[in-house]
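A short reminder: the numbers here are calculations on the coordinates, not readings from a lab. This is a predicted model, so every value here is computed, not measured. So basically every Cβ, Gly included, is an ideal-geometry build from the backbone, and we count neighbours across all protein chains shown.
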Amino acid sequence: MRHEKPGNVIWLKETDSTNAELKRLAAAGAPEWTVVVADRQTSGRGRLGKSWHSSGPWGLWVSILLRPDIGPERAPFFSILAAVAVADAIKLSTGLDAGIKWPNDVEVAGSKVSGILPESGIGPSGLEWLVIGIGVNLNDPPDPLPEEIRDRAATLEALCGSKTDRSSLLDMVLDGMRKLYNLYIEEGAGSILERAGKLSTVIGKKLSVTGHGEAFEVTALGMDEFGALLVEEAAGRTRRLLSGEVSVRRSRNGR
């Protein structure tokens, strides 16, 4: 079943987080493609419980509700799907070449400009809903970005020299999400993974991985239809990394 342009977009002045707001609506039966946008989040979150600086309408803080007919194990793939939509929207809007750093970052020239947080609701019948949270650092905020992220994050304005219209970028992201979602329903993950691979900033690179009390070096090979990163260990063994279990950084001494 194809899905047409999202229609129910809810704009809020302030909320704790757009994901939290939309999860409440999803649990109450909100239809697929309900979208929540906020000018400001008081408790914006990223992956692994990290906070997300979203203090005003200088950025795009949005969450999108999907109800795909898939098993829960396939939900992490939608972080990759959303990252492709965001990277393409940034290119279309600003001309900047954006790349995907697995599992949930969109980068420009090595600086993080967007993060994606998928969260799912599981019921007796399996996956009931999927909320995709997206944050994009559009324009320079009144106050500088927090010191702890200043060396690795940037705004699109700082990188391209001009302001980005929030509503226009939102329309581009939603349009891209809809097209990719329909493509996934009709053909599966293959062509989306191919596009994500071309946009990836980690495939072919040496990575430092931490998780489960261990740290090790790998080379990134690709991504799969479950959203996992396929890597090769030093001994030559191929391994699947899951986004909720590990943290990945590019190695300083590897390419």
Lys/Arg +1, Asp/Glu -1 at C-beta; the chain dipole; positive extreme among 20, 110, 120: 110
Going by C-beta contacts inside 10 Å, put 16, 88, 105, 143 in order with the fewest on the left. 143, 16, 88, 105
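Find out how many positive minus negative residues lie around residue 39, taking Lys and Arg as positive, Asp and Glu as negative, among other residues whose Cβ is under 10 Å from that of residue 39. Please report the intermediate quantities before stating the final value.
Values: positive: 13, 40, 166; negative: 14.
For residues surrounding residue 39, the net value is +2.
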77, 226 arranged by Cβ crowding within 10 Å, fewest neighbours leading: 226, 77
Please compute, for the alpha-carbon atoms of region 170-255, the extent along each of the three principal axes and give them in descending order in Å. 40, 24, 23
Taking the dipole about the Cα centre of the chain, with the C-beta of Lys and Arg at +1 and of Asp and Glu at -1, give me whichever of 90, 63, 185 is farthest to the positive side. 90
Relative to the Cα centre, what is the charge dipole magnitude of region 76-209, using +1 at the beta carbon of each Lys and Arg, -1 at the beta carbon of each Asp and Glu, and rounding to the nearest 20 debye? 380 debye
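I'd like the FRET efficiency for residue 234 and residue 28, computed as 1/(1 + (r/R0)^6) with the beta carbon distance as r and R0 of 51 Å, rounded to 0.05.
On the way: r = 49 Å, r/R0 = 0.97.
With R0 = 51 Å, the Cβ-Cβ based efficiency is 0.55.
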Run the count for region 9-199, please: Lys pairs, Cα-Cα under 21 angstrom, 8 or more apart or on different chains. 15
Note, region 202-217: 3J(HN,Hα) by Karplus (6.51, -1.76, 1.60, θ = phi - 60°), whole Hz, Gly/Pro = x, goes 10, 4, x, 9, 7, 10, 9, 10, 10, x, 6, x, 10, 9, 7, 9
The alpha-carbon center of region 80-109 and that of region 138-208 are separated, in whole Å, by 3 Å
Inter-label distance for residue 16 and residue 179, nm, one decimal - labels placed 7 Å from Cα along Cα-to-Cβ: 3.7 nm
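Under a point-charge model restricted to the Cβ atoms of Lys and Arg (+1) and Asp and Glu (-1), what is the dipole moment magnitude of the chain relative to its Cα centre, in debye to the nearest 20? Let's see the in-between values first.
On the way: 31 positive and 33 negative charges, 89 e Å.
Dipole size: approximately 420 debye.
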Placing +1 on the Cβ of each Lys and Arg and -1 on the Cβ of each Asp and Glu in region 206-250, which of 223, 242, 208 has its Cα farthest towards the positive end of the resulting dipole? 208
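Test of understanding: ordering 101, 13, 205 by Cβ neighbours within 10 Å, fewest first, what list do you get?
13, 205, 101
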Residue 8's amide H: which non-local residues (gap 5+, or another chain) put their own amide H closer than 5 Å, with H modeled 1.01 Å from N in plane and none for Pro or chain starts? 35
Estimated D of the chain in µm² per second, where Rh is the Kirkwood radius over Cα pairs and Stokes-Einstein applies at 37 °C, 0.692 mPa s: 177 µm²/s
Karplus-derived 3J(HN,Hα) from phi for region 28-34 (6.51 cos²θ - 1.76 cosθ + 1.60, θ = phi - 60°), whole Hz, x at Gly and Pro, runs 8, x, 4, x, 4, 6, 5
Hey, can you grab everything whose amide H is under 5 Å from the amide H of residue 101? Only 5+ residues off in sequence or another chain; H modelled, so Pro and N-termini drop out. 106, 107, 201
Shape call for region 206-250, from the Cα gyration tensor axes a ≥ b ≥ c (a/c under 1.5 means rounded, otherwise prolate when a/b beats b/c, else oblate), comes out oblate
At 7 Å along the Cα-to-beta-carbon direction for both residue 208 and residue 158, put a label point, then send me their distance in nm to one decimal. 2.2 nm
Spin-label model distance (nm) - residue 91 vs residue 250, 7 Å beyond Cα toward Cβ: 1.8 nm
